[in-house]
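Please treat every number below as a calculation from the coordinates, not as lab data. Here the structure is a predicted model, which is why all the values come from computation and not from measurement. Methodologically, a virtual Cβ is constructed for each residue, glycine included, from the backbone with ideal geometry; neighbour enumeration extends over all protein chains shown.
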Amino acid sequence: MTTPRKRVLSGMQPSGLMHLGNYLGALENWKTLQDQHDCYFFVADWHALSTNYADTSRIREFVRELLIDWLAAGIDPDRSTVFVQSRIPEHAILHLLLSMMVPVSWLERNPTYKEKQEEIKEKDLGTYGFLGYPVLQAADILLYKPDFVPVGKDQLPHLELTRELARRFHDIYKTAVFPEPKEHLTKFPKVLGTDGRKMSKSYGNTINLSDPEPVVRQKLKTMVTDPARVRRTDPGNPDICPVYDFHKIFSPLPVIDQVNRECRTAAIGCIDCKKLVADKIVETLSPIWEARAELTQHPTRLDDIVQEGSRKAGVVAKATLRDVTDAMKI
Ligand code: TRP
Ligand code: SF4
């Protein structure tokens, strides 16, 4: 007898190009999960509207680039169902139905609601859609009845709200439709950017999967180091240097040890130290670059993958929505 594979669902917003932080944080996790689980991965393009409704000019481009990044980095469409949110109208329908029963107070107390508004002062985020962001996310999740949702820690409040909404639905309609989705946390520590702060699109300190090799090398060259190391002869402290953080991620142990020792005695200079790690990053990214080029040259291949993924996802979403409307007697 075979037990059915557990189901996994996750999504990403197409709000920019994918960088090393997203890659190591989320994609590595997704890639391992697809070996043993029934995986659904989707691009949350409607979610991108919650902060970008006033300028949608790049959303389509980012959706495509994100899909290319996923596939090039090893998400395998033969094992995982890859799709785009806006192709599945059931996400919008379930969002509407859930919005009828979600108390506004649950949404207002969601920590990311206030934090994001504080952080993005230049946009008017006092909208209905922005407040309802987690309701749309709950719809995304519940439609697929997943066992696990791989996410970063920042998404835990959204997942908790998803579970609360599922319970509320069951209480009101006296029918258990949704299994409780559990988080599958990413183990990878946060990745620093070229300025030493957390790698993030909004800081402009990223190394993107789509950056060509010369750009990656240039970004490494201008990356901040231990600020106390002004001259080549000054000893440095790798513990406070973001370049050393990259070594810990990308270099083999002997090199990590060598850098750790030689930085402190000024036996190695920053230029050489950076070159060592740049070579390793280039080695990691090279197969991704090749796969990206291949996919970019064959656009219909990507279209076919998304078409087939969206078809498969649609079948699941439709079945769940039928359970929902039956329970609600509408
Ligand atoms: N909110 C998620 C993020 O910003 C993206 C997302 C949308 C998502 N719907 C989802 C993640 C459903 C997991 C499951 O990263
Ligand atoms: Fe950082 Fe390397 Fe320079 Fe040390 S030698 S300060 S680890 S870049």
(message) Quick check: Cα centre of region 112-176 to Cα centre of region 33-99, how many Å?
(response) 16
(request) Name the most mobile residue of Glu183, Glu294, Glu65, meaning the one with the largest mean-square fluctuation, in a Gaussian network model of the chain with Cα contacts below 10 Å. (result) Glu294
(request) With only Lys, Arg, Asp and Glu charged, each at its Cβ (+1 for the first two, -1 for the last two), find how big the charge dipole of region 211-292 is about the Cα centre; round to the nearest 20 debye. (result) 240
(request) Give, as ranges by residue number, the residues of region 73-90 whose backbone N falls under 19 Å from the point 7 Å along Cα→Cβ of Asp303. (result) 82-88
(request) Grab the Cα-Cα distance for Glu115 and Lys280, subtract it from 0.36 nm times how many residues apart they are, and report the gain in nm with one decimal. (result) 55.8 nm
(message) Compute and list, largest first, the equivalent-ellipsoid semi-axes of the chain from the alpha carbon gyration tensor, each √(5λ) rounded to a whole angstrom.
(response) 40, 22, 19
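On full extension of the chain, what length is gained from Ile240 through Lys318, given 0.36 nm per residue of separation minus the C-alpha to C-alpha distance? Intermediate values should be presented prior to the final figure.
Working: separation 78, 0.36 × 78 = 28.08 nm, distance 5.17 nm.
Working it through step by step, the gained length comes to 22.9 nm.
Net charge near Arg167: determine it from the other residues with C-beta under 13 Å of the C-beta of Arg167, scoring Lys and Arg +1 and Asp and Glu -1.
So the environment of Arg167 carries a net charge of -1.
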(message) Report the per residue volume, in Å³, of the convex hull enclosing the C-alpha atoms of region 31-145.
(response) 130
(message) Show me the ranking of peptides 110-120, 257-267, 39-49 by mean Cβ neighbours inside 10 Å, starting with the highest.
(response) 39-49, 257-267, 110-120
(message) From the alpha carbon gyration tensor of region 1-53, can you work out the equivalent ellipsoid semi-axes (sqrt of 5 times each eigenvalue) and give them in Å, largest to smallest?
(response) 27, 15, 5
(request) Assuming R0 = 25 Å, can you tell me the calculated FRET efficiency for the pair Lys248 and Asp76, based on Cβ-Cβ distance, to the nearest 0.05? (result) 0.30
(request) Select from Val82, Val135, Val224 the residue whose mean-square fluctuation is largest in a Gaussian network model of the chain (Cα-Cα springs shorter than 10 Å). (result) Val224
(message) Let me understand region 211-292 better: what is its radius of gyration from the alpha carbons, and its Dmax, in angstrom?
(response) 13.0, 42
(request) For region 144-214, take the alpha-carbon Rg, divide it by the Kirkwood Rh, and send me Rg/Rh. (result) 1.21
(message) Looking at the chain only, what percent of DSSP beta bridges run antiparallel? Nearest 5 please.
(response) 10
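Taking 0.36 nm per residue of sequence separation and subtracting the Cα-Cα distance, how much length would be gained by fully extending the chain between Met101 and Val177, in nm to one decimal?
Values: separation 76, 0.36 × 76 = 27.36 nm, distance 1.54 nm.
Full extension from Met101 to Val177 adds 25.8 nm.
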(message) Charges on Cβ only, +1 for Lys and Arg, -1 for Asp and Glu, centred on the Cα centroid of the chain; of Pro179, Phe62, Ala48, which one is farthest towards the dipole's positive end?
(response) Pro179
(request) Using a Gaussian network model of the chain whose springs link C-alpha atoms within less than 10 Å, name the residue from Thr186, Thr222, Thr206 with the highest mean-square fluctuation. (result) Thr222
